[in-house]
Every structure is written in C-alpha cells, then in structure tokens.
C-alpha cells in the first residue's frame with residue numbers, strides 16, 4: 001500500500017518541488033497540497049494521510065498549531081517539518097508539538113522521498129544540536145520530578161545515552177556499535193524520544209495550567 | 001529609699017523614747033571636772049538641757065572632761081535587765097550608777113587616740129538599780145579634734161526596748177560605713193582595672209579614684225582607735241583622701257559635662273597636693289590651720305562641681321544629665337543638714353524636734369548615693385557604648401557586604417563586557433568571512449549570469465555552494481557552549497545525505513574529551529570550511545567510495561584528518577589547486593599547518609592547529 005502524503009506549503013515553488021518529489025516516487029501517493037493551516041485541517045478529516053509534509057511559516061497560523069492538531073486528532077499520521085536551515089530552535093518547537101521528523105528545504109527530490117519512507121518506517125533523523133537541546137529539556141524534567149508529568153515522558157537510560165553520544169557528534173553507525181544496536185534501531189529510538197518530548201512538553205503544559213488554575 | 005530608711009529610723013528612735021517603762025531625761029547636771037571618780041553632790045553642778053554642747057559656739061577655751069549627773073526613776077522592780085543607751089560618746093568616758101562604776105569606754109591616752117563613732121548600750125546591773133530615784137553619773141571626755149564637748153540625750157530602760165534604737169543607729173554609724181568601705185574597694189578595683197586596660201576611658205579612671213578616696217575617707221568611721229605614732233600619718237591620709245575626693249569629683253563633673261580644660265585640671269590636681277604637703281611640713285600643730293584654710297578652699301570647688309553639672313543639664317536637656325545634679329543637690333542638702341546639726345542644733349531642733357539630738361550625719365550617705373549614681377551613669381554609658389559598637393559593627397558588616405556586592409557586580413559587568421567584546425570580535429570575523437566568501441561568490445555568479453556566461457548547471461552548482469556556505473556559518477554559530485563536537489557533528493550529519501547521494505560511504509570519529517575548552521565560532525568556522533573543502537573535493541574529483549573523517553585532540557593540538565580512497569596521486573595537479581591554497585591559508589590563520597598526502601590509495605588531508613591560541 002502506498003504511503004499517503006499531504007503537503008502544506010505556502011510557497012508555490014517549494015510546493016511544486018515537494019509535489020514533484022512525491023509524485024515521482026511510485027511508493028508514495030499525494031492526497032493533497034494546500035497552502036494554509038485551515039485547508040490542511042479540513043483535508044486531514046476528508047482524506048487522512050500517513051505523512052504530513054509541513055512548512056512552519058504558514059500565512060494563517062503557526063505551523064506548530066497544525067502539528068498539535070494532528071497529534072491530537074490523527075495520532076497515526078507522522079509529521080515531517082520542513083525547515084530552511086538547520087534551525088534548531090524551530091525544530092525543537094515542532095518536535096515538542098508532536099512532529100517526528102524534519103527536512104531541509106533544499107533537499108533533493110531523492111532525499112525528500114527517502115525521508116518520507118524513513119519516517120513512515122519508524123525512524124527519525126536527529127542532529128547533534130537537536131540531541132543536545134532535547135537532553136537539556138529532559139534534564140530539567142528529571143531534576144524536578146513532578147507528579148503531574150506523565151511517567152512515560154521520562155527517557156530511559158539507553159535513550160539518554162543515545163542522545164548524549166549524538167550530541168557529541170558521533171555518527172549513527174558509531175552509536176550503533178557503541179550501544180550494540182543497528183543504525184536502524186538508533187533512528188527508531190530517536191522517533192520514540194521525539195514522541196516522549198511531545199508528551200513531556202504537553203505534561204509540562206498541563207502542569208503549568210494546573211498551577212495557574214486553568215484546569 | 002535611703003531617705004525613707006533614715007526618716008523611718010528617726011521615728012523608731014522616737015517611739016523607743018516614748019516607751020512606757022523607760023526614761024529619757026531631758027535635763028541633767030553638768031560639772032567640768034577631770035577627776036576619774038564622780039564629783040561630790042555639793043560641787044558646783046550646773047543644770048543643762050540634753051543634748052548638750054559645751055562650751056557654746058564662740059567660747060575661747062576648749063572643753064576638758066566633764067561629768068554629767070542624771071537622775072531618773074524606776075517605778076517598780078522589773079524582771080527585765082536595764083541599760084543606759086548613749087547614741088554617741090565620741091571621746092569615751094565612764095558610767096556610774098548610784099555611786100558605783102558600772103561601765104567605761106576607753107578614752108584617748110598617751111599611746112592611743114580614740115574617736116568612737118559607735119553608739120553605746122551599757123547594761124545597768126540589777127542589784128545597783130533602786131526602785132524610785134536613781135542617780136546616773138557619766139564622765140565624757142572631749143572628742144579628738146573637736147573644740148566643744150557633746151553629750152547626747154540618754155535613754156535608760158530595759159535592754160530589749162533600747163536595743164532596737166541601738167541596733168538601728170549602729171547600722172547607720174558602724175555597719176553602713178563598713179559596707180561602704182568594702183563596696184568602694186571592690187568597685188574601685190573593678191573600675192580601675194577597666195581603666196588600666198582602657199586608659200582612654202578617663203571617666204572610669206576618675207570614678208575609680210573617687211571611689212578609692214571615698215573608701216579611705218570612710219575608714220574614719222570604721223577605725224575608731226589609732227596608735228599615737230601613726231596618728232599623724234592617719235590624718236594625712238584622711239586629708240589627702242578628702243581633698244582627692246573633691247578634686248576628682250570636680251574633674252569627673254567637668255569631663256562628664258564634656259568640658260576639657262587642661263590648665264584648670266592641673267590647677268585642681270596641684271591644689272589637692274598642697275593640703276597633704278602642708279600638713280606634712282607643719283605637723284600636727286598645723287592641722288587646725290590646714291583645715292580652716294585648705295579644707296575651706298574645697299568648698300568653692302564643690303560649688304563649682306554643682307555649677308558645672310547644672311550647666312550640663314541646661315546644655316543637654318536630657319533626663320540622664322539631670323540625675324547627677326539632682327544627687328549633688330541632695331548631697332549638698334545633706335551637707336547643710338550636717339552643718340546645722342554640728343553648729344546650730346537649735347535651728348534643727350525647731351524644724352525637726354528631737355532629730356538634731358541624734359546627731360545622725362547624712363553627708364556620707366548622700367556621698368554614697370552620689371557614687372552609686374556615678375556608677376549607674378557610667379554603666380549606662382558603657383552599655384550605650386556597647387550598643388552603638390554593635391550597631392557600628394552591623395552597619396560596617398552591611399557596608400562590607402554592599403561593597404562585596406558592588407565589587408562582584410562590577411566583576412560580572414566587566415566579565416560581561418569582555419564577553420561582549422569577544423563576541424563582537426567574533427561577529428566581525430564571521431561577517432568578514434560571509435562578506436569575503438558568500439558575498440563575493442554571489443556577486444561573481446550574478447555578474448557571470450548577467451554576461452550569460454553561466455550554464456544552468458553552473459548556476460545550480462554555484463547556488464548550492466552559496467547555501468552550503470551559509471549553512472556552514474550557521475553551524476559554526478549554533479552551539480551555545482561552543483562545542484566543536486556538536487558543530488562538526490551537525491555538519492557531518494548534513495553531509496551524510498550528500499555523500500550517500502554521491503555514492504560515498506562516510507565514517508567519522510570524533511575523539512575529544514568532554515572537558516575540552518570551548519572553541520570560538522570563528523575557529524569552528526575555519527575548521528568546518530577546511531572539512532567542507534576536503535569533502536567537496538572528495539565528491540567532485542576523487543571518485544572515492546569511502547571517506548573517513550577523524551577529529552582528535554592531543555597535547556593541546558587539534559588534529560583533523562580526512563582520508564578518502566579515491567584517485568589520489570592520479571588526480572590532475574590543477575584540479576585541487578585553489579582549494580588546497582584556500583585550506584592552507586585557513587590553517588595558517590588558525591596558527592596551524594595543513595598537510596596533503598596523495599598516493600595511489602587516495603588522498604589524506606591533515607589539519608593541525610593549536611587549540612589554546614586558536615581563539616585569537
């Protein structure tokens with residue numbers, strides 16, 4: 001069965017580029033290509049995709065809102081965020097909202113298709129800078145344990161070790177050798193870490209809301 | 001309280017007078033006779049009222065020993081023993097009852113000088129007492145140094161009735177002085193010790209000296225018998241103590257009021273010395289003259305003390321400063337009281353009937369009160385000084401803390417400034433890098449495109465190079481902690497896709513200790529550029545299947561090695577030319593070297609750069 005892909009991108013040039021990359025791959029099917037968050041949410045209900053290719057800078061809303069909506073209503077759908085440069089801050093925000101992958105905008109057609117396949121197969125990319133930031137986020141959670149924050153949001157020692165090694169600039173191959181797992185398992189771990197990051201950030205939000213008396 | 005006690009004592013004494021059983025004769029017969037046995041009844045007795053002073057003021061000749069004859073009645077035989085109570089008998093003497101000597105108080109002799117301050121309660125043997133009329137004869141010797149002879153109103157009655165008055169008087173004239181001497185000794189030792197340790201606290205020293213002098217002076221009331229050979233020495237000590245007390249009090253009052261007058265202080269000290277020296281030179285015979293002139297001179301000093309204290313009150317207008325003059329006034333009143341009792345008992349008798357005859361002198365108690373007040377004032381001063389010292393300490397501590405805070409704030413500001421400077425410098429370097437690299441590349445491309453000199457493929461390649469350049473700068477700037485490992489990791493992570501797309505297997509090893517110091521962004525940028533140049537060459541020219549990148553740090557040297565299995569020596573010499581020159585220039589900018597090894601098995605680029613100086 002083909003992987004259904006929805007593209008949300010307001011810039012026509014890139015929308016064409018992404019659409020062509022998806023259409024060129026026989027294993028992928030394009031369910032739609034829209035330029036606003038509202039249209040994306042409408043289409044998500046009509047034709048649920050497997051992978052959402054999302055630009056963060058949308059004209060009608062922040063891309064992270066779309067991610068949050070997807071995570072809440074279509075949790076089976078993977079979100080692949082498109083960024084201009086390796087902008088860690090925005091990537092982290094997207095991951096916390098529920099994205100599980102990110103892609104550089106200038107990636108070639110092959111790279112785009114490969115990334116969609118990898119993400120759907122259960123693996124996520126991670127750069128040392130991103131790993132370092134996630135470690136910092138999670139560390140504050142473990143040093144200040146809160147009852148409200150969900151238990152599964154806490155990283156396992158192995159996941160922490162993986163992040164630590166990634167942050168040190170080690171390659172997936174090297175990490176796989178050190179942890180005695182295959183490079184595929186490494187990227188699968190990364191996806192799990194991303195999900196935990198999203199749960200953790202939601203837990204934080206719930207905790208903050210509780211503190212402020214909103215819930 | 002002291003005053004209340006004294007007045008209470010007086011009333012008690014009077015109530016004892018009025019006890020039914022006892023007798024308190026107002027009248028007696030007096031006869032000046034030096035004989036050691038009572039004169040005959042037909043001798044020329046003179047009638048007197050008790051208490052008696054003889055001769056009256058103004059008489060020329062000093063009084064010799066005198067006999068007093070007192071008749072009293074005892075209503076009926078009493079089961080209780082009787083006694084005669086003499087509140088004072090300064091010069092000593094004898095007591096005879098109905099022709100028999102019943103008691104004697106030693107008088108001054110050739111060997112001993114006496115002056116009895118104590119009261120005398122002398123028992124009257126029951127077998128000599130008669131029901132009805134009795135005759136008491138008392139021989140009174142003149143007191144030493146006194147012009148006239150004083151004889152008290154006597155009380156005759158049961159011992160139990162009289163002992164109360166006796167005990168009370170004994171307390172005031174005997175016990176109180178003893179206590180005073182003891183207290184003066186202890187207090188002065190304590191205060192003088194403080195002065196010894198802290199010579200700057202002159203007030204303590206003066207107070208200590210005043211206490212010592214007062215203690216010595218009060219010894220007069222404690223030591224009633226002095227051997228003749230030491231008599232003059234004793235008078236000398238007494239005179240010196242009296243003068244010293246007054247002079248020291250004057251100095252104290254001045255200092256306490258904040259008056260400092262060195263000349264006046266010296267003059268007072270000199271005046272104090274004059275008295276004892278004069279007495280020493282003149283001998284016993286000169287004592288009355290010394291007393292009249294030198295001791296008289298102390299009176300104006302005393303008045304000066306009072307004036308100074310009142311002036312201090314007026315100036316300071318505080319309750320604490322009013323205490324001293326109040327007590328001084330009280331002491332002065334006590335002095336006036338004593339003077340009146342001594343010299344014009346009649347006036348006192350009219351004001352306070354029955355009181356003058358007791359001859360209870362108040363000045364000493366007033367002086368005690370004065371010393372006590374001085375002590376209290378000094379203690380208050382002391383505690384105030386301690387409190388202000390504590391406050392000073394606290395404010396000092398807080399000031400030190402403030403200073404520390406401001407110092408550390410300064411330090412932080414300086415550090416921030418330094419960081420800012422360093423960051424600005426870094427920014428400058430990176431901006432120049434972007435200007436020279438990305439900027440010139442874009443301009444060159446633009447001008448070539450305008451000339452129509454670039455193919456579609458060349459334009460794509462050029463733009464990709466520009467984006468890569470841009471990324472490199474961002475990578476170098478990204479890690480907040482300037483960790484070269486993260487920057488290089490991000491760089492390689494991005495390159496991995498490109499290398500794979502080019503069919504090159506990439507492996508990288510980063511071997512840097514965790515505690516390695518941060519590498520400034522500009523240095524990171526140079527290293528990344530060298531790596532980028534090398535990897536670009538691998539992809540473009542080498543036709544390699546595998547590339548290996550190793551980053552190491554050893555002995556303060558950074559070593560970056562990029563090894564491929566491409567054409568190596570087979571490569572055309574010009575192909576890598578400019579790239580290599582660029583890499584060498586960058587290595588030199590880092591203060592390091594670049595080594596290029598090419599052989600049949602491929603190419604190896606090795607960068608060695610010192611890490612410590614790479615910040616410059």
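Every number here is computed from the coordinates shown, using simple stated rules; none is lab data. Please read all numbers here as calculations on a predicted model, not as lab measurements. Positions of Cβ are backbone-derived with ideal geometry, glycine not excepted, and every protein chain shown enters the neighbour counts.
With no solvent and one point on each alpha carbon, what is the Debye value of log10 I(q)/I(0) for segment B:357-511 at q = 0.09, 0.12, 0.16, 0.20 Å⁻¹?
The computed values of log10 I(q)/I(0) come out as -0.64, -0.84, -1.08, -1.26.
State the Cα centre-to-centre distance between segment B:464-510 and segment B:131-206 in whole Å.
108
Please state the relative contact order of segment B:273-412 as a whole percent: Cα pairs under 8 Å, 6+ residues apart? Provide the component values of the computation, followed by the final result.
Values: 62 pairs, mean separation 22.8, N = 140.
Computed over segment B:273-412, the figure is 16 percent.
Could you give me the percent of Cα pairs per 10 Å distance bin for chain B, shortest bin first, beginning at zero and ending with the bin that holds the maximum distance?
Computed distribution, short to long bins: 3, 12, 16, 12, 7, 5, 3, 3, 4, 6, 7, 7, 7, 5, 3, 1, 0, 0.
In whole Å, how far is the Cα centre of segment A:49-70 from that of segment A:4-47?
Answer, in whole Å: 11.
What do you get for the angle between helix B:484-501 and the principal long axis of chain B? Use alpha-carbon atoms, 0 to 90 degrees, nearest ten.
Approximately 20 degrees, to the nearest ten.
How much length would be gained if the chain were fully extended between residue B:548 and residue B:322, taking 0.36 nm per residue of separation minus their Cα-Cα distance, in nm to one decimal?
Numbers: separation 226, 0.36 × 226 = 81.36 nm, distance 9.86 nm.
Contour length minus the Cα-Cα distance gives 71.5 nm.
In whole angstrom, note down how far apart the Cα centers of segment B:534-558 and segment B:225-261 are.
With segment B:534-558 and segment B:225-261 each reduced to a Cα centre, they are spaced 105 Å.
How do B:441, A:196 rank when sorted from fewest to most other Cβ atoms within 10 Å of their own Cβ? Don't jump to the answer; show the numbers that get you there.
Working: B:441 15, A:196 21.
With the fewest neighbours first, B:441, A:196 line up as B:441, A:196.
Which of these, A:48, A:128, A:12, has the largest mean-square fluctuation under a Gaussian network model of chain A (Cα springs below 10 Å)?
Greatest mean-square fluctuation among the candidates belongs to A:12.
Using 0.36 nm per residue, how much length does the chain from residue B:144 to residue B:164 gain when fully extended, once their Cα-Cα distance is taken away? All intermediate terms of the calculation are to be shown ahead of the outcome.
On the way: separation 20, 0.36 × 20 = 7.20 nm, distance 2.84 nm.
Here the segment from residue B:144 to residue B:164 would lengthen by 4.4 nm.
When the expected Rg is taken as 2.2 N^0.38 Å, what fraction or multiple of it is the alpha-carbon Rg of the protein assembly as shown? Don't skip to the end; give the middle numbers.
Numbers: Rg = 58.4 Å, N = 831, 2.2 N^0.38 = 28.3 Å.
It is 2.06.
Where Rh denotes the Kirkwood radius from the mean inverse Cα pair distance, what is Rg over Rh for segment B:94-217? Spell out each step's value before the answer.
Working: Rg = 21.6 Å, Rh = 18.3 Å.
Rounded to two decimals, Rg over Rh is 1.18.
Take the eigenvalues of the Cα gyration tensor for segment B:101-143, scale each by 5, and report the square roots as semi-axes in whole Å, largest first.
Details: eigenvalues 145, 21, 18 Å².
They are 27, 10, 9 Å, listed from largest to smallest.
Calculated from DSSP H runs of 4 or more alone, at -39500 (n - 2.57) each and per residue, what is the 222 nm mean residue ellipticity of chain B, nearest 500? All intermediate terms of the calculation are to be shown ahead of the outcome.
Numbers: 16 runs with 329 residues, N = 616.
Roughly -18500 deg cm²/dmol at 222 nm, from the helical runs in chain B.
Is it possible to state the helix-based mean residue ellipticity at 222 nm for chain A, with each DSSP H run of 4+ residues giving -39500 (n - 2.57), the sum divided by total residues, to the nearest 500 deg cm²/dmol? What is it?
Working: 9 runs with 121 residues, N = 215.
Computed mean residue ellipticity for chain A: -18000 deg cm²/dmol.
Return B:469, B:481 ranked ascending by Cβ neighbour count within 10 Å, so the fewest neighbours appear first.
Details: B:469 19, B:481 7.
Fewest to most other Cβ atoms nearby, the residues stand as B:481, B:469.
From Cα pairs below 8 angstrom and at least 6 apart in sequence, can you work out the relative contact order of chain B, rounded to a whole percent?
Details: 855 pairs, mean separation 47.9, N = 616.
Normalised by residue count, the contact order of chain B is 8 percent.
Summarise the partner chain shielding of B:504-515 as one whole number: the mean count of Cβ atoms from other chains within 10 Å of each residue's Cβ.
Numbers: counts 0, 1, 2, 3, 5, 4, 7, 2, 2, 0, 2, 0.
Neighbouring Cβ atoms belonging to other protein chains average 2 per residue here.
Compute the acute angle (0 to 90°) between the alpha-carbon long axis of helix B:159-170 and the principal axis of greatest extent of the alpha-carbon atoms of chain B; round to the nearest 10°.
That helix lies at roughly 50 degrees to the long axis.
Of the beta bridges DSSP finds with both residues in the protein assembly as shown, what % are antiparallel, to the nearest 5?
Values: 66 of 92 bridges.
If we restrict to bridges inside the protein assembly as shown, about 70 percent are antiparallel.
Would you mind ranking B:319, B:234, B:294 by Cβ crowding within 10 Å, fewest neighbours first?
On the way: B:319 9, B:234 15, B:294 20.
Ordered by Cβ neighbours within 10 Å, fewest first: B:319, B:234, B:294.
What value in Å³ per residue do you get for the convex hull of the alpha-carbon atoms in segment B:492-531? Could you put the intermediate results ahead of the total?
Working: hull volume 3.2 nm³, N = 40.
Taking the convex hull of the Cα positions in segment B:492-531, it is 81 Å³ per residue.
Which angle between 0 and 90 degrees, to the nearest 10, do you get for helix B:176-197 versus the longest principal axis of chain B when only C-alpha atoms count?
30
Multiplying the sequence separation of residue B:389 and residue B:269 by 0.36 nm and subtracting their Cα-Cα distance, what value in nm do you get? Don't jump to the answer; show the numbers that get you there.
Details: separation 120, 0.36 × 120 = 43.20 nm, distance 3.32 nm.
Full-extension gain reported as 39.9 nm.
Rounded, prolate or oblate: which fits chain A, taking a ≥ b ≥ c as square roots of the Cα gyration tensor eigenvalues, rounded meaning a/c under 1.5, else prolate when a/b beats b/c? Mind dumping the intermediate values first?
Working: a/c = 1.97, a/b = 1.24, b/c = 1.59.
Cα axes put chain A in the oblate bin.
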